[in-house]
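Accompanying notes for the structure given below.
The values are calculated or read from the model by the stated rules, or taken from the named source; none is laboratory data. Computed from a prediction, not measured in an experiment: that's the story for all the values here. Here the Cβ positions follow ideal geometry from the backbone for every residue, glycine too, while neighbour counts run over all protein chains shown. With ligands, DNA and RNA removed, areas are computed over all heavy atoms of the protein, side chains included. Shrake-Rupley method; radii C 1.70, N 1.55, O 1.52, S 1.80 Å.
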Amino acid sequence: ANQVKVALTATSRAGYHRYQFPNQSTVNLVLNLKHRDQVIASSLKQINAYEIEGMRRSKAWANDQHVYFVMRFSKPIQSIQLANQQVVKIGESIQSKDIISLIHFQQDQNSTLEVKVGISAVSEAGARLNLATEIANLSFEKVLSNVNANWNRELSKITIKDPHIQLQNIFYTALYHAMLSPNVYNDVDGQYRGRDLQIHQSKEFNNYSVFSLWDTYRAAHPLFTLIDQKRSNDFIQTFIHQAEQGGLLPVWELSGNETNCMIGYHSVSVIADAFLKGIRQYDVEKAFKAMKKSANQNELSLNAYRKFGFVPADIASESVSKTLEYAYDDWCIAQMAEILNKKEDYNYFMKRSQSWKNVFDWNAGFMRPKKNGGWNKPFDPKEINNNFTEGNSWQYSFFVPQDIPGMIEAYGGKAKFEAKLDEMFNSESKT
């Protein structure tokens, strides 16, 4: 019965917390800046009786993630004490990698504590501006009704007619999940922390973060081009600026950090898809130049891919998956080159896009790893091993979206291809 009740809501750059404490209980909050991942640096400062600010830099998936915050409380602070018993004085900034604090509030008849939190990747001043602009004078109920209205507007971009409420629930929950990232990653004044981890100013676009492109290029980004052209355009603006600041288009970017996680260079797929659908409010020449630079880099075993026409299994892990996904990305560049009337680029990348044939075993009818110029043995298409990315040969043997007629022909024609598909879908699910 003595549980604290918690309600939370948010805007794009600020959060709103409401804590209801049992009557007569003391009102405390623990602010733990050490929680979750390795702290590079953190700070905490009490500004006045109602406000604190601070920052936290940490190292995990992102090598150097910056979070600055300002918190405004509905009750006056009585004291802030650190875990090492040090007391935080007003106006004094505590700098440490080890800040765990207990914030004790003055007692009154009201058992509800509200906290407004502005965050920024730029600075405490940015966090304060975000808080002031988005949430300052609004009630919890108003912020909650705004966020409900915003989500309803986004989700109603697609209307489904189905009498089964359960299926509607499944559909809109999935659409909601699809919209959770990428995230806005700039302050209300357009300042943001770029791929070089320096501060930049965006004027004509929102900067975004969390581009898990191997996960999203196939379906999520094509969906965004249909229901969210403005954001799709902003994503590409972000890509172009990241390429300028960090040297290359993103592979798997998080908080301005390139994590180089997963395979492929699928920014090019996202750009080409949007471009071919008429989403073009960015510097197209810069985008195309950055696409070519990603394709012609020597990292990610792309030098071996260009030299041999496939990624050899003795040179890199996930060699079959890399070969197949690079070939698709090459085709994407070719499609854009054709529209831009770049014939030489078109011919070059179309030829590269046929590299899937170099890992296709025409006798066995499977995509297979190659080693020292020959097939890697033994071979079991069901086996999950380091030649494939989160899959096996059965799944990746159908990954030629850029040349489906060619793939059908490789399997011996439509009847044999259909039989092969049936064999996969009729086998036990653990395949």
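Within the shell defined by Cβ-Cβ distances under 14 Å, the residues around Lys157 carry a net charge of +1, with Lys and Arg each +1 and Asp and Glu each -1.
Computed over protein heavy atoms with a 1.4 Å probe, the accessible surface of the chain works out to 50 Å² per residue. Bridges between two residues of the chain, per DSSP, are antiparallel at a rate of about 100%.
Enter the angle in degrees (range 0 to 90, nearest 10) between the Cα long axis of helix 267-276 and the first principal axis of the Cα atoms of the chain, meaning the one along which they spread out most. Value to nearest ten degrees: 80. For the stretch 344-355, putting each phi into the Karplus relation 6.51 cos²θ - 1.76 cosθ + 1.60 with θ = phi - 60° gives couplings of 4, 4, 4, 5, 4, 6, 5, 5, 4, 5, 8, 4 Hz, in residue order, rounded to whole numbers and with x for Gly and Pro. Counting 0.36 nm for each residue step from Asn48 to Lys161 and taking away their Cα separation leaves a gain of 35.3 nm.
Modelled label positions at Thr173 and Lys34, each set 7 Å beyond Cα in the direction of Cβ, lie 3.8 nm from each other.
Accessible surface of the chain, 1.4 Å probe: 51 percent of it comes from carbon and sulfur atoms.
Cβ-Cβ distance of Glu428 and Val284, R₀ of 60 Å, FRET efficiency by 1/(1 + (r/R0)^6): the value works out to about 0.80. For the chain, take the longest principal axis of its alpha carbons; what is the angle in degrees between that and the long axis of helix 140-155, to the nearest 10 within 0 to 90? Tilt of helix 140-155: around 10 degrees.
All other residues whose Cβ lies under 15 angstrom from that of Ala62 are scored, Lys and Arg at +1 and Asp and Glu at -1, for a net of +1.
The distance between label points at Asp196 and Lys277 comes to 3.2 nm (points 7 Å beyond Cα on the Cα→Cβ vector). Ordering Gln242, Ser353, Cys261 by the projection of their Cα atoms onto the charge dipole of the stretch 234-360, which places +1 on the Cβ of Lys and Arg and -1 on the Cβ of Asp and Glu, puts Ser353 at the extreme positive end. Quick one: helix 229-246 against the long Cα principal axis of the chain, what's the angle to the nearest 10°, folded into 0 to 90? Its long axis makes an angle of about 90 degrees.
Highest mean packing comes first when the peptides 313-321, 107-115 are listed by Cβ atoms within 10 Å, giving 313-321, 107-115. For the stretch 169-175, putting each phi into the Karplus relation 6.51 cos²θ - 1.76 cosθ + 1.60 with θ = phi - 60° gives couplings of 4, 4, 4, 6, 5, 5, 5 Hz, in residue order, rounded to whole numbers and with x for Gly and Pro.
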